[in-house]
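Any read-out appearing in this document is the output of simple, stated calculations on the displayed coordinates, not a laboratory observation. Being a predicted model, the structure only gives us computed values, none of them experimental. Here Cβ is always computed from backbone atoms with ideal geometry, including for glycine, and neighbour counts include all displayed protein chains.
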Amino acid sequence: MNSEPREIISGPSEPSPCPPSGAGSFRKSKILVIDDEPVNAELLETILADSEYQNVKAITDSRIALELCRTFEPDLVLLDLMMPFVDGFAILDALGSKPPWGSLPVMVLTADENEETRVRALNAGANDFILKPFDLAEVLRRIERLLALRQQRVQCDSHGTST
């Protein structure tokens, strides 16, 4: 298990030596929703589609999550923690330990209010943690920030610099 937490998105961002990109470009980013509750998966899909995100996939069977990450190559994962078969912590562990997924941003969306769960998820590699039920505007803004971070990393990697 990766003991170092990934960056947590909150507060103002720092300047970057990498080229900036427009927020509109995020709408083509690939987003993978992993939630065992069909209602939650469909809700997130609808919210993202209504916000003009064009490449969203949602699954309710966590057993196929890693294979779908391999084939879909998402720019962001929205992950529930409490799921049968493979829980969100196992997925976080796998994503954080295998290239190229080490830099893949993951937002945890869970109903588990336990502080230990939050700390464990962040230590396991989650970039952000939001409790259900969530505020729609807040989730969309955090998604945009995580996608900006992802895009900045990709651009920096292609320019030979690091963030």
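For region 26-159, the relative contact order is 22 percent, taking Cα pairs closer than 8 Å that sit 6 or more residues apart in sequence and dividing their mean separation by the residue count.
What the phi angles of region 73-81 give under the Karplus curve with 6.51, -1.76 and 1.60, with θ = phi - 60°, is a coupling list of 6, x, 8, 7, 10, 9, 10, 7, 9 Hz, glycine and proline written as x. Were the residues from K132 through L68 laid out at 0.36 nm apart, the gain over their Cα-Cα distance would be 20.6 nm. In this structure the amide hydrogen of V108, modeled in the peptide plane, comes within under 5 Å of the amide hydrogens of L79, N127, D128, F129, I130, none closer than 5 places in sequence on its chain. Each peptide in 43-50, 124-131 was scored by the mean count of other Cβ atoms within 10 Å over its residues; highest first, the order is 124-131, 43-50.
For region 48-79, the residues whose amide N sits under 13 Å from a probe point set 7 Å from the Cα of L140 along the beta carbon direction are 48-53. Between the amide H of I31 and those of N55, V56, K57, D75, distances stay under 5 Å, these residues lying 5 or more places away or on another chain, with hydrogens modeled in the peptide plane.
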